Amino acid sequence: MRKSILFILCFSMIFMSYSNGKTFVKKYDYAQIFNQLICRLSVYPDNQKIKKKIQETYSQAIEYYQSEIDRILMSKDSLKWTKTLDVMQQINGLSEEIIYNSAVSELICAPRVYTTEIDDAKQKAVAELYDVGIRSLQTGTRKSAKEAYSCFVKAYQLSPTFKDVSTKIQEAKDKAVLNVIVEKVAAYAENKNLISTRFYETFLNKLQSDFLNDGFINIYSFAEAKQRKIDPVDWYVRISFIDFEIGESSVFDNTTSVNIYGLSEIKIFSPIENKDILSARTPGQYVWKSYQSNSGSDLQSLFDSYSLSMIDQVFDLLEGFVEKSN
């Protein structure tokens with residue numbers, strides 16, 4: 001029973017890799033195929049074809065990875081030692097699979113293991129990551145600052161005490177971060193200024209939640225930014241509802257329906273450029289309903305309901321602009 005279950009699992013993993021008794025190994029699939037073959041061997045430990053295929057695949061993998069190392073080191077890639085280190089670690093990963101599996105270690109007696117070579121590659125990789133990070137940081141754009149941050153983090157992971165890499169991580173992060181203030185929403189209808197606190201709080205929370213994992217965008221209310229003394233402020237997000245209009249109402253089966261129309265406008269003002277870098281409008285329509293025929297609602301409540309119905313549309317506009325800007 002146990003062998004049947006293992007066979008099903010392994011067969012499902014390798015089905016796409018085997019056809020008519022042949023293995024089609026792509027250049028980036030060696031580790032995956034090797035693990036799948038080990039899985040098959042655990043089901044059929046006496047299968048000679050599988051054993052032979054394990055030996056062939058490992059030999060092909062070593063040949064390919066070594067040619068990759070040679071190709072990378074001969075290139076002018078600014079991160080060639082970082083990429084070389086990655087390939088060496090892949091080879092060592094395969095070797096670990098062999099060493100810790102007695103059945104496979106009998107088939108491959110001397111797997112390739114990088115030791116002193118990998119230490120040397122690591123030192124050179126740290127140095128080049130740091131240098132690439134410095135050059136990216138000097139470019140002065142948010143995009144290059146994010147690239148610098150990535151390089152410094154990788155360098156820190158390889159060698160936490162290398163030069164001032166921990167300081168550079170924070171410096172790059174500060175230059176890459178976008179500080180955004182979302183201003184309160186206003187609308188004008190029937191000679192009344194309407195403020196939707198519910199919309200503002202809901203929209204702000206949605207932004208802060210959705211961009212939380214980005215790591216390079218901080219969303220603040222005006223009060224939060226003032227309290228934390230955020231400087232510089234990169235963007236002011238200004239949302240307004242224009243042409244807000246209460247349309248016809250109707251009563252049917254003890255339900256009152258009110259049609260509400262409006263036009264939402266989102267603007268992003270950049271203090272650095274001293275201009276709006278985004279100005280977009282989107283129309284909206286909402287049907288407010290009350291399930292008691294004698295129930296009514298004041299203008300502010302109708303506006304709250306309508307504005308909340310527009311959150312997703314306004315959010316999509318802002319999110320699309322942020323993605324393009326990053």
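The values are calculated or read from the model by the stated rules, or taken from the named source; none is laboratory data. Everything numeric here is computed off the predicted structure, so don't read it as measured data. Reconstructed Cβ throughout: ideal geometry from the backbone, glycine too, with neighbour counts over all protein chains shown. What goes into the accessible areas is simple: the full protein's heavy atoms, side chains included, and nothing from ligands, DNA or RNA. Shrake-Rupley method; radii C 1.70, N 1.55, O 1.52, S 1.80 Å.
Descriptive notes on the structure:
- Evaluated at q = 0.12 Å⁻¹: base-10 log I(q)/I(0), Debye formula over Cα of segment 56-195: -0.64
- With all protein chains modelled, accessible area of residue 210 [1.4 Å, Å²]: 80 Å²
- Measuring spread by the Cα atoms of segment 235-326 yields a radius of gyration and Dmax of 16.7, 56 Å.
- Its residue count N sets the reference 2.2 N^0.38 Å, and the alpha-carbon radius of gyration of segment 57-126 equals 1.18 times that reference.
- Angle in degrees between helix 2-14 and the longest Cα principal axis of the chain, rounded to the nearest 10: 70 degrees
- Segment 119-221: translational diffusion in µm²/s, Stokes-Einstein, Kirkwood Rh over Cα pairs, 10 °C, 1.306 mPa s: 99 µm²/s
- Between 0 and 90°, nearest 10: helix 299-309 axis offset from the chain longest Cα axis: 20 degrees
- Computed E for residue 179/residue 139 - FRET, C-beta separation, R0 22 angstrom, nearest 0.05: 0.65
- Highest-fluctuation residue, 252, 269, 162 considered, GNM on the chain with Cα pairs under 10 Å: 252
- Here the Kirkwood formula puts the hydrodynamic radius of segment 134-291 at 18.9 Å, using every distinct Cα pair.
- Accessible area in square angstrom per residue, the chain, 1.4 angstrom probe: 59 Å²
- Residue-wise HN-Hα couplings along segment 197-204, as the Karplus relation 6.51 cos²θ - 1.76 cosθ + 1.60 with θ = phi - 60° gives them from phi, are 5, 5, 4, 4, 5, 5, 5, 4 Hz; Gly and Pro carry x.
- For the residues 32, 170, 90, a GNM of the chain with alpha-carbon springs under 10 Å puts the largest fluctuation on 32.
- Look at where the Cα atoms of segment 229-276 and of segment 28-75 average out, and the two centres are 59 Å apart.
- The smallest convex shape that holds all Cα atoms of the chain, its convex hull, gives 248 Å³ per residue.
- Here segment 25-153 is treated with +1 on each Lys and Arg Cβ and -1 on each Asp and Glu Cβ, and its dipole about the Cα centre works out to around 500 debye.
- Surface composition of segment 186-225: carbon plus sulfur atoms contribute 48% of the solvent-accessible area (1.4 Å probe, protein chains only, all chains present).
- Given 154/275; 168/226; 49/80; 175/267, the pairs whose alpha carbons are separated by over 29 Å: 154/275; 49/80
- Segment residue 107..residue 248, full-extension length gain: 42.6 nm, with 0.36 nm per residue of separation and the alpha-carbon distance subtracted.
- Rounded to the nearest 10 degrees, the inclination of helix 30-43 to the longest alpha-carbon principal axis of the chain is 70 degrees.
- Lysines with Cα under 27 Å of residue 51, excluding same-chain neighbours fewer than 8 positions away: 3, 22, 26, 27
- Cα-centred dipole magnitude for segment 141-193, charges only on beta-carbon of K, R (+1) and D, E (-1), debye, nearest 20: 160 debye
- Estimated dipole of the chain in Debye, rounded to 20 [Cβ of Lys and Arg +1, of Asp and Glu -1, Cα centre]: 1160 debye
- Take the Cα radius of gyration of segment 44-97 and divide it by 2.2 N^0.38 Å, N being the number of residues; the result is 1.44.
- The protection proxy used here, the mean number of other Cβ atoms lying within 10 Å of each residue, ranks peptides 221-230, 258-267 as follows, highest first: 258-267, 221-230.
- Each distinct pair of alpha carbons in segment 106-174 adds a 1/r term; the inverse of their mean, the Kirkwood radius, is 13.0 Å.
- The slack in the chain from residue 49 to residue 116, taken as 0.36 nm per residue of separation less the alpha-carbon distance, amounts to 20.6 nm.
- Taking amide hydrogens as placed 1.01 Å from N in the peptide plane, the amide H of residue 217 sits under 5 Å from those of 178, each at least 5 positions away in sequence or on another chain.
- Near residue 196, the amide H atoms lying under 5 Å from its own belong to 185; only residues 5 or more places off or on other chains count, and H is placed 1.01 Å from N.
- Residue of 287, 180, 237 that the Gaussian network model of the chain assigns the largest fluctuation, springs spanning Cα pairs under 10 Å: 287
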